[in-house]
Amino acid sequence: MKIFLSSILAILMATEYSTGQVPETVGSSDILLRMKKLQILGSVLYIAAHPDDENTRLLAWLSKDKLYRTGYLSLTRGDGGQNLIGDEQGIELGLIRTQELLAARRVDGADQFFSRAYDFGFSKTTAESLKIWDEQKILSDVVWIIRKFQPDVIITRFPEDKRAGHGQHSASSVLARLAFNAAADPKQFPEQLTHGVGPWQATRLFWNNYNFGSVNTTREDQLKIEVGGFNPLVGKSYGEIAADSRSQHRSQGFGIAHSRGNFTEYFSLTAGSKADSSLMQSIDCTWDRVPGGEAVGKMIEMMIKKYDPAAPYTSLQDLVDIYKKINALPAGYWRDEKLKETKGLIQACSGLWLEATVPEAYALQNQTVPVTLRVVNRSPVPITLNSVSLNQQDTGWTQILQTGVNYSATCRVSLANLPVSQPYWLVESMSPGSYNVHDQTLIGRPENPPALEAIFVVRLFDEPFSLPQRVFFKYTDPVKGELFEPITIVPAQLAFCDPDLLVFPKDRQKELFVRKQLKTIQHIQENSVIHPALLSTVSKPAATVPSISITPVPGFDTRNVSVTADTYDFTLKSGSVQNGNAATWALVLKNGIKDTLLLCRTISYEHIPRIDYFKQAKTIIVSVNLQTRGNRIGYIEGAGDKVPDALTAMGFTVVKLNENSVTTENLQNLDAVIAGVRAYEVHDWLFGKYSILMDYIKNGGNLIVQYNRNLGDDSAGIGPYPFGISNARVTEEDAVVHFLQPDHPVLHFPNEISSNDFDGWIQERGIYFAQHLNANYQSIFSMHDSGEPDQTGSLITTNYGKGNFTYTGLVFFRELPAGVPGAYRLLANIIALNQHKDK
């Protein structure tokens, strides 16, 4: 086990930064749209199960045409889906899809909310979803969000029955209906009432009917609304806005073309008062709904009439007067919301540029960081900077802001008492089907509050305004120009295990390294001398000196411990454990207290801000009675998975293949070729390689294709004989597996496969099974979910010439990274099919 010091420059150069975020700037047309929105006091909450379930056209129309405060509550973060752009799964995919939803909301103008529900994968029943999620727990979240958001109307995406197509879909609508009533009952979840909310009764609950493929739930006697209009202030129709919003879901491959022209949405009433003309029928959405608000409405109307798009600053006096008038109203939901909107309009009309940046993306917890502050008054209106504070520390900066002058100041700010930048839903250990968050005020939020904020207090027309601004890491990319990224606060000590997955048979040895992870300049400076590491199995660490130790792993011996100033090097030898997995992780010992060292995991894509989160610095160790045949495996990456890492851990040499390298000459030196998940969906060129791949099989090769989708009965261009691909799946990860071909080599060579090899599987057995098989194929397994007929297409195989072809919907891409021993043994047998002595 080794710890290597590496320079921060190398780390930063190796990081592929995303395009980042830019502090919001608002143009004149958008200012006018926001002024009009200031007149509307109505709200709509849309509820569904996952990212990409939302009706983006409807959200855009509600937000930018009707100007309602519009929100989307996705019960999950989409953690259990597939990833079309990378190999992230589970919570990491949920982090990506969270940011994709926020990007979508920046396009369509709606707010985003989440519950604590975890997307555990495809579910076939409502009951299963509610049970795994913990119905009362997630119901309390929906109630909380309704009480905070106070929607006049709630809309669900799905029906409560099988037409929803997914148990989590139908469950989201069940929970919405239950919450519609529960939110109004003070006896339901009364603990929430101590956190600034009260009971809230929405006026009505609709189901947004749809016509998807073969499922048409629309009828002409339903409420119909035209939502396909054109918004001249935006310059787009709502179909165009919807497409731009939906196309933010890149990890799901949901980019779509713009649509233009009329489009009708259909609605069925689920609960509440009837409506036959509009969603907001009989609901007052004017300032008359607020006691004393009528005068405010008239002031806004006059301001809009006088608005000059060439000189938005001429509206500042009116906006300040409106702000003071609203502030004088009795405290309440709409008063508070409209104060925020008015303050935002004041900043937009003033052209006031406020910026707070740091020179590094990462900052050490409880240390000080330099923050550069910049202010520009881009209007001719006199504005004074009264103060700027960060983390409750006043910088002492005051300034009369002359028009057009770029003012700046730099100060050092202590990060004392600020937490590590862990996404709030990952701070506590998860329950099986949900995240645990005990801070009620955080539940529902899409992401953490900013790690560090600068509070600018400015004065104009003798009125002070507090304008918080997120502190960014700002840098200049030679290609992309000026970019802004989040600042991440990291612990004093970080580490990572290399590799993070160890697979080896009994009585073999492998080496494990634990390395220091350096994210900040302080990390390098403070860790230039590392205290000697002491293993608890070797000697007792000194109580007063920080040190690294390794937790003992049951069934393994630690041998050949090597400790140097920058390296911890261990040789592990498997002991009595067979066909099981364990984990070892790095601990820090300081003043006699042990704590788990963390790894900072960074996820970076161009379409979303950089994501950082922390997890235990650990290695999954799989001890398995494993035999392999062959050495070189060609891998055609598909939508993204970690199967190549698992193959490497098994001892294979993995050769990545692409369009240029899939040639007869290159394939002849490979023992097997494996196509990654959905490879034929993401690589059209694969169909053009059909004859090369078939010749490879015919000459003794072995082609293994993992699941693909949407090919129906036509798999031409994949296997040597026809077969179809269905939507069939087995979602119960413990479903009984029957062996249909008990004498087939795939069950015996080089590993004897038994039912025990299907123990410990996670999330599901398989997806997108084969169907309508040519007679040359053999189905190896049958399995089914409770109450359903057997599925026989999880693994099909056939001889072709001297070689072999296999298609499998078994989810190796989930089981291998999770360290499921049987998945390794079965995959090893599939790889060895062309090397069996009977071939």
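The values are calculated or read from the model by the stated rules, or taken from the named source; none is laboratory data. For clarity, every value in this text was computed on a predicted model and none was experimentally measured. Methodologically, a virtual Cβ is constructed for each residue, glycine included, from the backbone with ideal geometry; neighbour enumeration extends over all protein chains shown. Just the protein is used for accessible areas: all its heavy atoms, side chains included, with ligands, DNA and RNA removed. Shrake-Rupley method; radii C 1.70, N 1.55, O 1.52, S 1.80 Å.
At a glance:
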{"item": "Calculated [θ] (222 nm, deg cm²/dmol) that DSSP helices of n ≥ 4 give over the chain, each run adding -39,500 (n - 2.57)", "result": "-6500 deg cm²/dmol"}
{"item": "q = 0.06, 0.10 Å⁻¹: log10 I(q)/I(0) that the Debye formula gives for the chain, counting C-alpha atoms only", "result": "-0.47, -1.23"}
{"item": "Per-peptide average of other Cβ atoms within 10 Å, ordering 696-706, 782-792 highest first", "result": "696-706, 782-792"}
{"item": "Among the listed pairs 274/325; 66/340; 236/325; 66/305; 615/642; 236/343, those beyond 24 Å (Cα-Cα)", "result": "274/325; 236/325; 236/343"}
{"item": "Net +/- balance of residues flanking residue 98 in space, Cβ distance below 10 Å, scoring K and R +1, D and E -1", "result": "-1"}
{"item": "Residue-span extension gain [residue 135 to residue 601] - 0.36 nm each, minus C-alpha spacing", "result": "164.6 nm"}
{"item": "Amide H within-cut-off set for residue 259, under 5 Å, with H built and near neighbours excluded", "result": "240, 243"}
{"item": "Ranked packing of 748-756, 454-462, most packed first, by mean Cβ within 10 Å", "result": "454-462, 748-756"}
{"item": "Under 15 Å, Cβ to Cβ, from residue 70 - net charge with Lys/Arg +1 and Asp/Glu -1", "result": "+3"}
{"item": "Spatially proximal aspartates and glutamates relative to residue 516 (Cα-Cα < 15 Å; intrachain offsets below 8 disregarded)", "result": "498, 500, 526, 566, 569"}
{"item": "Accessible surface of the stretch 605-684 [probe 1.4 Å, protein heavy atoms]: carbon and sulfur percent", "result": "36"}
{"item": "Phi-based couplings in Hz for the stretch 144-150 (Karplus 6.51, -1.76, 1.60; Gly and Pro marked x)", "result": "4, 5, 5, 5, 7, 7, 6"}
{"item": "Accessible area in square angstrom per residue, the stretch 318-403, 1.4 angstrom probe", "result": "40"}
{"item": "Residue 442-residue 372 pseudo-label distance in nm [points 7 Å out on the Cα-to-Cβ vector]", "result": "3.2"}
{"item": "Residues of type aspartates and glutamates that residue 224 reaches as a straight line, Cα spacing below 17 Å, ignoring anything fewer than 8 places off in the same chain", "result": "65, 265, 276"}
{"item": "Rounded FRET efficiency, nearest 0.05, which uses the C-beta distance separating residue 762 from residue 394 and R0 of 41 Å", "result": "0.20"}
{"item": "Under 12 Å, Cβ to Cβ, from residue 727 - net charge with Lys/Arg +1 and Asp/Glu -1", "result": "+3"}
{"item": "Antiparallel DSSP beta bridges within the chain, as percent of all bridges there, nearest 5", "result": "70"}
{"item": "Gain in span if fully extended, residue 194 to residue 690, counting 0.36 nm per residue against the direct Cα distance", "result": "172.1 nm"}
{"item": "Per-residue SASA entry for residue 342, accessible area with 1.4 Å probe, Å² rounded to 10", "result": "0"}
{"item": "Amide hydrogen neighbours beyond the local backbone of residue 503, cut-off 5 Å, H modeled", "result": "622"}
{"item": "Residues in the stretch 349-392 that a label on residue 310 would reach, taking backbone N under 19 Å of a point 7 Å out along Cα→Cβ", "result": "349-351, 379-381"}
{"item": "Alpha-carbon centroids, the stretch 122-187 and the stretch 441-483: separation in whole Å", "result": "34"}
{"item": "Percent accessible area from carbon and sulfur atoms, the stretch 16-104, protein chains only, probe 1.4 Å", "result": "44"}
{"item": "Mean Cα-pair separation over length for the chain, i.e. relative contact order, pairs under 8 Å, 6 or more apart, %", "result": "11"}
{"item": "Pair residue 467, residue 302: separation of 7 Å Cα→Cβ label points (nm)", "result": "2.5"}
{"item": "Amide H partners (placed H, <5 Å) of residue 50, local residues excluded", "result": "75, 76"}
{"item": "Estimated vicinal HN-Hα couplings, Hz - the stretch 346-354 in sequence order (Karplus 6.51, -1.76, 1.60; Gly, Pro = x)", "result": "4, 5, 5, 5, 6, x, 6, 9, 10"}
{"item": "Full-extension gain in nm, residue 184 to residue 201, via 0.36 nm per residue minus C-alpha separation", "result": "5.6 nm"}
{"item": "For the stretch 643-792, alpha-carbon Rg relative to the globular expectation (2.2 N^0.38 Å, N residues)", "result": "1.11"}
{"item": "Cα pair distances exceeding 23 angstrom across the stretch 381-462, given as percent", "result": "46"}
{"item": "List 731, 125, ordered by accessible area with a 1.4 Å probe, largest first", "result": "125, 731"}
{"item": "Carbon and sulfur %, accessible surface of the stretch 114-259 computed with the full protein complex present, 1.4 Å", "result": "54"}
{"item": "Listed peptides 180-193, 673-686 by packing density, highest first (mean Cβ within 10 Å)", "result": "673-686, 180-193"}
{"item": "Karplus (6.51, -1.76, 1.60) ³J(HN,Hα), θ = phi - 60°, over the stretch 746-751, in Hz, Gly and Pro reported as x", "result": "5, 9, 9, 10, x, 10"}
